[in-house]
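To start, the structure itself, in structure tokens.
The values are calculated or read from the model by the stated rules, or taken from the named source; none is laboratory data. Computed from a predicted structure; not experimentally measured. For neighbour counting, all protein chains shown are included, and Cβ atoms are generated from backbone atoms with ideal geometry for every residue, glycine included. What goes into the accessible areas is simple: the full protein's heavy atoms, side chains included, and nothing from ligands, DNA or RNA. Shrake-Rupley method; radii C 1.70, N 1.55, O 1.52, S 1.80 Å.
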Amino acid sequence: MSPVIIIAGKEVRDSIRNRWVVSATLLLAGLAFSLAFLGSAPTGGSAAEPLAVVVVSLASLTIFLVPLIALMLAYDALVGEAERGTLLLLLTYPVTKGQVLLGKFVGHLAVLSLAIVLGYGAAGVAVGMGTENVNAQSWQAFGALIGSSILLGGVFIAIAYLISAIVRERGAAAGIAIGIWLLCVVLYDMGLLGVLVATKGQIHENLFPWLLIANPTDIFRLFNLTAFDNVRTFSGLAGLSGQVKFSSTFLVFSLLTWMLLPLLGAVIVFRKREL
Amino acid sequence: MSDAICHVEAVVKHYPQHRALDGVSLTLPPGICVALLGHNGAGKTTLMKLLLGLTRPTAGRVTVLGQNPATAPLAFRRQIGFLPENVIFHDELTGIDTLTYYARLKGEARERCVQLLAQVGLAEAAKRRVKTYSKGMRQRLGLAQALLGQPRLLLLDEPTTGLDPMLRQEFYRIIQALRNQGVTVMLSSHLLTELEAQTDLAIILRAGKLVACGSLSALREQANLPVCLQVTTTDPEKVTQHLAGLAVAKPGTMGQAVFVCAVSGKMATLRRLALLGELVQDVEIQMPSLDDVYLHFGQDQEVNEA
């Protein structure tokens, strides 16, 4: 068996044993259910597209929660094992540093996917089954939400590894992880908004879309709120999507790049690091 | 020295903050048990890391099993077992699950893990979570992990900490059996007296330098530490006069006289004491212990560099 699979399996098993999977799933499911059933109050039970409304609210939830969960899951991947002494031991085994990191990535991504699919999936199915007028496109949008949430999680797992490979102490890694989360999820958009206000919206037409691509959470938002017509009408981003002309494929590709670059960076830093 | 297990040649290892090793050379033949001694920070762990290929030397050459450990193919690592100094295994997994994980990475079957756990006396605790293990049990789990595969070289960093005397004996019995199979074992420990009976070779590091390398009896001779004689007598002064020129008196307790003499002069002093007849009620001889030898090499700078 490949060392990558063995290490990934160990990560999954660890996360199941320490109740990580259960708590993340319950958290996501709990919030998804409350959004699905309480959040539909303003549109009423007879809204044309209840599932599309759920997609909009879940996308906003994901932007806050999934990066945080991913960072917390993965920030001590290397630095934690280094402190426990198991990293030193692992590297005396017939595995390369790249395999260690890739194995952990596959494992952590599997854990996060499990939580997202179970948590959101349950809420989605409950809403979809509860109403008759759900069309295929809403299901598609919902599937895309789950897929892109996993991708967003992957981005932040990779960023967490990069932190974990650079920093020498667990506490510092946790601090930086929280900082990155604040920056990407809260401060960046506030800053962007500030710039828009200060320039009276006269920010360069060609620059603005790229500023959104520079933040993975904004890519996620753009993707989910503009990819499907019926979602777009509920998201209030119809205006924006007219301005920002990125195809869905391009947005997915950008997220993938955001995932692979930090992962590659983490491998490079980890390889250079002396133990 | 083509059949040597490890060959270290003038190795220097600098870290940004300090010099961990400074010109160390040594050669280890197969099938011996080597004790690595030295203070904390003397370079013991760094030497082990170099042998494992976890770090590269700043200067000099390391050859293990005929290869450079830092660039050798991955299969090379199957032949080496390692027990780090402070290793904390994942608490939530059971002992057998933890060991199986490492076994898979070395391409070994679960059956071998059951066997190994029995060998280190953890058969009954195999299905318990590592969280419930005592320090000694964790240490034994670590040892079982090091024995996975068919190691030709075992590097054990402080392997006996946390083991009670019985387990320690059992530990050395396992080491002895491995040694008889031709496995080279290098272990660092602070419990010097127990190493005495178990090791063929002692290596003493001090501040990154190799200050002594040899069998313990050879080191003892080399150190030429004095023998201490504790004489129970009613008249310490008379005994002191009598031994003049052979042994030096040191302050003793009531009714006792303590004398110090060279190892070579021990018998002459004893014969002289015997001549005193009834005046000497009892004589106790204290040979220099391994601790003394270690202290001699580990601290006394002038003596060594002279």
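Structure notes:
- Against chain B, whose longest principal axis comes from its Cα atoms, helix B:135-146 is set at around 60 degrees.
- Rolling a 1.4 angstrom probe over the protein assembly as shown with all protein chains present gives an accessible area of which 60% lies on carbon and sulfur atoms.
- Normalised contact order of the range B:142-213, rounded percent, pairs of Cα under 8 Å and 6 or more residues apart: 30
- For the peptide A:90-98, the mean number of other protein chain Cβ atoms found within 10 angstrom of a residue's Cβ is 6.
- With contacts taken as Cα pairs under 8 Å at a separation of at least 6 residues, chain B carries a relative contact order of 19 percent.
- Only helical runs count toward this figure. For chain A, summing -39,500 (n - 2.57) over DSSP H runs of n ≥ 4 and dividing by all residues gives -25500 deg cm²/dmol at 222 nm.
- Nearest 10 degrees, 0 to 90: helix B:266-275 Cα axis against chain B principal axis: 40
- Delta accessible area of at least 50 Å² on complex formation, residues of the range B:71-87, 1.4 Å probe, chain isolated as reference: B:LEU74, B:ARG77
- Exercise: per-residue mean of other protein chain Cβ atoms within 10 Å, B:94-101: 2
- Förster radius 35 Å - calculated FRET efficiency between B:ASP164 and A:LEU275, Cβ distance, rounded to 0.05: 0.65
- In the context of the full set of protein chains, the range B:20-121 has a per residue accessible area of 36 Å² (1.4 Å probe).
- Restricting the calculation to alpha carbons of the range B:226-287 gives Rg and Dmax of 10.1, 28 angstrom.
- The candidates B:LEU156, A:LEU35, arranged from most to least accessible area with a 1.4 Å probe in the full protein assembly, appear as A:LEU35, B:LEU156.
- Helix A:20-38 and the long axis of chain A differ in direction by around 10°, with both axes built from C-alpha atoms.
- With a 1.4 angstrom probe, the accessible area lost at the A-B interface totals about 2700 Å².
- Helix-only [θ]222 nm of chain B, DSSP H runs n ≥ 4, -39500 (n - 2.57) each, per residue, nearest 500: -9500 deg cm²/dmol
- The mean number of Cβ atoms from other chains found within 10 Å of a Cβ in peptide B:46-55 is 2, as a whole number.
- The range B:166-306 shape via C-alpha gyration tensor axes, a/c threshold 1.5: prolate
- Test item: Cα-centred dipole of the protein assembly as shown, Lys/Arg +1 and Asp/Glu -1 on Cβ, debye: 940
- Pair-distance profile P(r), taking every C-alpha pair of the protein assembly as shown, with 10 angstrom steps and integer %: 3, 14, 19, 17, 14, 12, 9, 5, 3, 2, 1, 0
- Gaussian network model of chain A, springs between alpha carbon atoms under 10 Å - residue of A:ILE163, A:ILE16, A:ILE116 with greatest fluctuation: A:ILE16
- In this structure B:ARG104 has an accessible area near 110 Å², from a 1.4 Å probe over the protein heavy atoms.
- In the range B:1-109, Rg over Rh equals 1.01, where Rg is the alpha-carbon radius of gyration and Rh the Kirkwood radius from pairwise Cα distances.
- Rolling a 1.4 angstrom probe over the protein heavy atoms with all chains in place gives chain A an accessible area of 42 Å² per residue.
- Relative intensity, log₁₀ I(q)/I(0), of chain B from a Debye sum that treats every alpha carbon as a point, q = 0.09, 0.14 Å⁻¹: -0.57, -1.03
- 37 °C / 0.692 mPa s Stokes-Einstein diffusion coefficient of chain A, Kirkwood radius on C-alpha pairs, µm²/s: 167
- The largest accessible area among A:TYR161, B:TYR101, A:TYR188 belongs to the first residue in A:TYR188, B:TYR101, A:TYR161, and the rest follow in falling order (1.4 Å probe, all chains).
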